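Each remark here refers to the structure printed beneath this line.
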Amino acid sequence: MRNYKKAMGLNMGGIAKISFCLTVLLLCWGPLLQAQEEFNYDESKVGAYTLPAVLELSSGRLVSGNKDWKKRRTEIIKLFEDNVYGKFPKKRSNIHFETLKIDRHALSGRAISKQVRIYFTKEKKQPYMDMILYLPAKVTKPVPVFIGLNFKGNQSIDGDSAIMLSEKHPELLKYTKAKEQQLIRGEQAERWEIDTLIGRGFGVASAYYGDLELDYPEGWKTGIRTTLKETLAIQPQEWSAISAWAWGLSRMMDYLETDHQVNKKQVIVTGHSRLGKAALWAGANDTRFAAVISNNSGEGGAALSRRWFGETINRINTNFPHWFVDRYKTYNNNATALPVDQHMLLALIAPRPLYVASATEDLWADPRGEFLSAKNAEPVYSLFHKKGLGVVDMPATDTSVGETVRYHIRTGKHNILLFDWLRYIDFANENLIKIK
C-alpha cells in the first residue's frame, strides 16, 4: 500500500487534502447538482417568468409595422444564431442532383416515386443526401408537398420494396446480426401516412437525418459540419446538429424547386421531436417553405424554455450536447438570462402558416409550454392581419384551434400519427390550397 501511494505521488497529507476538497465541493455544489436532476410536472410549481419582448427592437423602440418587423426579425435570427442553434449557412452554387431511380407505378400504381441524390459539392461523391419523393400518380398539375427528415433511413417510411436501403450507415445496422432484420422496411410507416397523403393529393419527401450528421456527440466529425467546412466557409463549432439538419431540409427544397411536378410555392416543412426543432429553424431561415409544422418538438423547439416543466435546458444540453452551440450551455441553470425564448422562434415563421402540436402523455415536451409559445407569437401575425389561435386557454384534447397559427394536443404518446396528419392536411388545404 505504501509503495502504491508513493507510485501515485500521494501521501496521507495529500489524500486528506483531496478528501477535504471533495467534501467542500459536495457541500457547496451537491444541492445544486441535485436540483438540476429534479423535474417538474406540477403546473402549480412552474413559477413566474417574463418572456423577452418579441416586438421590441434592441434600441428599445417598439415595432410599429412590417418595416420595423424586418429589422426585429434580423435581430432575433442573430440572437438564436449566437445563443442557441449557431449559424445557418447560405446555399452554395455547387449543389447538384442526380435522379437514381423512378418508379411510375409505386404503391400499386397510386404514386410516382423518385429517389434523388443531392450532392453538396461539384463532384459526384460524398458528402450527399438521398431523398425519396412520392407524388400522386394521376394528378396533372404541380402538387403541394410535405417535406421532413426521418430517423431510421428512407426504407423506414414505407414498406415499398423499391426504396433503396440506407446501407452506407453502420449505425442503422447495429441492432442485430441478421441482415434481413437490420433495415426494416416500413419500420416507422405510421409516422408518415404516405397512402393517406397521396390519396388527398399531396406529395411527400423525406431523407435520413444521418446523411447530414449522425446523432451523437462526436457525429460532427464525420458529418457536414466537418466535410463541408471549407465549402461553406464555416467551422464546425459555429453551428450545431440542429442547424445541420435544418440546412439539409433547405437543400431538399433546392431540388423540389427544379421538379416540374412539384408546386414549389406549396412546400410544407414538417418535423417530429428533435427533427421538429430542425423544421422550425429551417422554416425561420428559409422563407421558401410555405408553411411550418412542429410535432412534439418540446425544449429547444416550440416549448418555452423559461417554464420549469418537463425537459430543461440543462438536461437537453447534458443528454444531447451536440444539438446546440456551446453558448447555449451557459444558460443551463439560468434560463431567464437567455435573450430569446421559443415564442420568438415561432414568430419568425410569420406571416406564413404555423402549426404546433403536442400529445397528452408527452409531458417531457411541456404541451402547455408549446401552446403558450404559439400564443405569444400571435402579436407578430397580427402585424400581417393574420389570425392566430383565437383562444386564451388550451383546447380540449383532440381538438384543433386557430387559423394561420394552429394548435392541438392529441391523446397519446410522443409520436406523429394519423390524427396529426389529418389535421395537417386540413391546415394546408385551408391556408395554402383547396384540394378536394
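The values are calculated or read from the model by the stated rules, or taken from the named source; none is laboratory data. As the structure is a prediction and not an experimental result, all values here were calculated from the model. Heads up, the Cβs are rebuilt from the backbone with ideal geometry, glycines too, and the neighbour counts pull from every protein chain shown. Only protein heavy atoms, including side chains, enter the accessible area calculation; ligands, DNA and RNA are left aside. Shrake-Rupley method; radii C 1.70, N 1.55, O 1.52, S 1.80 Å.
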Residues in region 368-377 that are free of Cβ contacts under 8 Å to residues at least 60 places away in the same chain and either open to solvent by less than 30 Å² (accessible area, probe 1.4 Å) or not in a helix (DSSP H, G or I) (or both) total 1
Scanning region 98-121 for residues that are in a strand (DSSP E or B) and open to solvent by less than 30 Å² (accessible area, probe 1.4 Å), the one nearest to Asp254 (Cα to Cα) turns out to be Ile118
The condition of being open to solvent by 70 Å² or more (accessible area, probe 1.4 Å), at pLDDT below 95 and under 21 Å from Asp259 (Cβ atoms) holds, among Lys179, Lys168, Lys124, only for Lys124
Scanning region 319-343 for residues that are more than 18 Å from Leu275 (Cα to Cα) and without any contact (Cβ under 8 Å) to a residue 24 or more places away in the chain gives Lys329, Thr330, Asn334, Ala337
Out of (1) free of Cβ contacts under 8 Å to residues at least 24 places away in the same chain; (2) open to solvent by 10 Å² or more (accessible area, probe 1.4 Å); (3) among the aliphatic types (A, V, I, L, M), the one Ala290 does not meet is (1)
Per the filter on region 417-436, residues assigned to a loop (DSSP other than H, G, I, E, B) and either basic (Lys, Arg) or out of contact with any Phe, Trp or Tyr (no Cβ under 8 Å at 6 or more places or on another chain) (or both) are Leu417, Leu432, Ile433, Lys434, Lys436
### Query
Within region 262-282, is even one residue among the β-branched types (Val, Ile, Thr) and part of a loop (DSSP other than H, G, I, E, B)?
no
Of the residues in region 45-74, those that are assigned to a loop (DSSP other than H, G, I, E, B) and among the aromatic types (Phe, Trp, Tyr) come to Tyr49
Filter region 127-160 for residues that are among the basic types (Lys, Arg) and closer than 27 Å to Lys265 by Cβ; the one that is surrounded by the fewest Cβ atoms within 10 Å (Cβ to Cβ) is Lys141
TODO: Would you check if Gly271 is in contact with a Gly (Cβ under 7 Å, 6 or more places away or on another chain) and closer than 16 Å to Phe80 by Cα?
DONE: no
Matching residues in region 48-68 (farther than 17 Å from Ala377 by Cβ and polar (S, T, N, Q)) number 3
When Lys90 is run through (1) out of contact with any strand residue (DSSP E or B) (no Cβ under 7 Å at 6 or more places or on another chain); (2) at pLDDT 95 or above, the failure sits at (2)
For region 312-347 the number of residues that are part of a helix (DSSP H, G or I), surrounded by 22 or more Cβ atoms within 10 Å (Cβ to Cβ) and among the hydroxyl-bearing types (Ser, Thr, Tyr) is 1
Tell me yes or no: at least one residue of region 242-252 is modelled with pLDDT of 95 or more, among the β-branched types (Val, Ile, Thr) and under 20 Å from Val116 (Cβ atoms). no
- request: Answer yes if at least one residue in region 380-396 is surrounded by fewer than 23 Cβ atoms within 10 Å (Cβ to Cβ), part of a loop (DSSP other than H, G, I, E, B) and under 20 Å from the mean Cα position of the chain (by Cα), and no otherwise.
  value: no
Taking region 127-140 and keeping only residues that are more than 17 Å from Ala207 (Cβ to Cβ) and either modelled with pLDDT under 95 or aromatic (Phe, Trp, Tyr) (or both), one is left with Lys138, Val139, Thr140
Out of all the residues in region 213-224, is one or more touching a Pro at 6+ places or on another chain (Cβ under 7 Å), under 20 Å from Gly301 (Cα atoms), buried (at least 21 other Cβ atoms within 10 Å of the Cβ) and not β-branched (Val, Ile, Thr)? no
Residues in region 397-416 that are within 23 Å of Glu311 (Cβ to Cβ), assigned to a loop (DSSP other than H, G, I, E, B) and open to solvent by less than 50 Å² (accessible area, probe 1.4 Å) total 3
Per the filter on region 261-287, residues buried (at least 24 other Cβ atoms within 10 Å of the Cβ) and of a type in the set (S, T, N, Q) are Thr270
Flagged pairs (Cβ under 8 angstrom, 6 or more apart or on separate chains; first in region 351-363, without any contact (Cβ under 8 Å) to a residue 60 or more places away in the chain; second part of a strand (DSSP E or B)) are Thr360/Ile409; Thr360/Arg410
Among the residues of region 235-250, the number that are open to solvent by 10 Å² or more (accessible area, probe 1.4 Å) and touching a strand residue (DSSP E or B) at 6+ places or on another chain (Cβ under 9 Å) is 2
